[in-house]
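Below is one structure, written out as structure tokens; the observations come after it.
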Amino acid sequence: MLLRKANGELHFLDFREKAPKAATRNMYLDSQGNVVPNASLIGYKAAGVPGSVAGLVYAELHWGMEFCRYSLLRHKRSLVLEAS
């Protein structure tokens with residue numbers, strides 16, 4: 001997110017998804033070190049931890065942006081439900 005405040009102050013915040021805490025460098029490789037096809041796309045190892053709600057809350061707390069946390073969470077929940 002690129003934020004330009006009314007006073008001209010600029011801020012950039014990257015809040016893309018992150019790998020889960022237990023992720024490892026070789027988690028998509030077999031025992032011989034070859035890439036396992038689709039391992040990063042299908043199954044429990046394909047999950048990323050979303051950062052958008054945390055990023056918007058960070059912006060609200062640090063730069064005084066006015067977001068309604070409840071509506072942010074409700075919106076994210078609806079996106080997840082639509083995808084399943």
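The values are calculated or read from the model by the stated rules, or taken from the named source; none is laboratory data. This structure is a prediction, so every number in the text was calculated from the model and none was measured. Here the Cβ positions follow ideal geometry from the backbone for every residue, glycine too, while neighbour counts run over all protein chains shown.
Based on this model, can you work out whether Ser71 counts as loosely packed, with under 10 Cβ neighbours inside 10 Å and at pLDDT below 75? Write out each step before concluding.
Numbers: loosely packed, with under 10 Cβ neighbours inside 10 Å: yes; at pLDDT below 75: yes.
Spelling it out, Ser71 is indeed loosely packed, with under 10 Cβ neighbours inside 10 Å and at pLDDT below 75.
I'd like to know if the stretch 58-68 contains one or more residues that are at pLDDT below 80, exposed (fewer than 10 other Cβ atoms within 10 Å of the Cβ) and at positive phi.
The answer is yes, given that some residue of the stretch 58-68 is at pLDDT below 80, exposed (fewer than 10 other Cβ atoms within 10 Å of the Cβ) and at positive phi.
Condition first: on the phi < 0 side of the Ramachandran plot, surrounded by 10 or more Cβ atoms within 10 Å (Cβ to Cβ), part of a loop (DSSP other than H, G, I, E, B) and small (Gly, Ala, Ser). Now tell me which residues in the stretch 22-48 satisfy that.
Answer for the stretch 22-48, where residues must be on the phi < 0 side of the Ramachandran plot, surrounded by 10 or more Cβ atoms within 10 Å (Cβ to Cβ), part of a loop (DSSP other than H, G, I, E, B) and small (Gly, Ala, Ser): Ala23, Ala39, Ser40, Ala47, Gly48.
Only residues that are part of a strand (DSSP E or B) and of a type in the set (A, V, I, L, M, F, W, C): list them for the stretch 1-21, please.
Listed by number, the residues that qualify are Leu2, Leu3, Leu10, Phe12.
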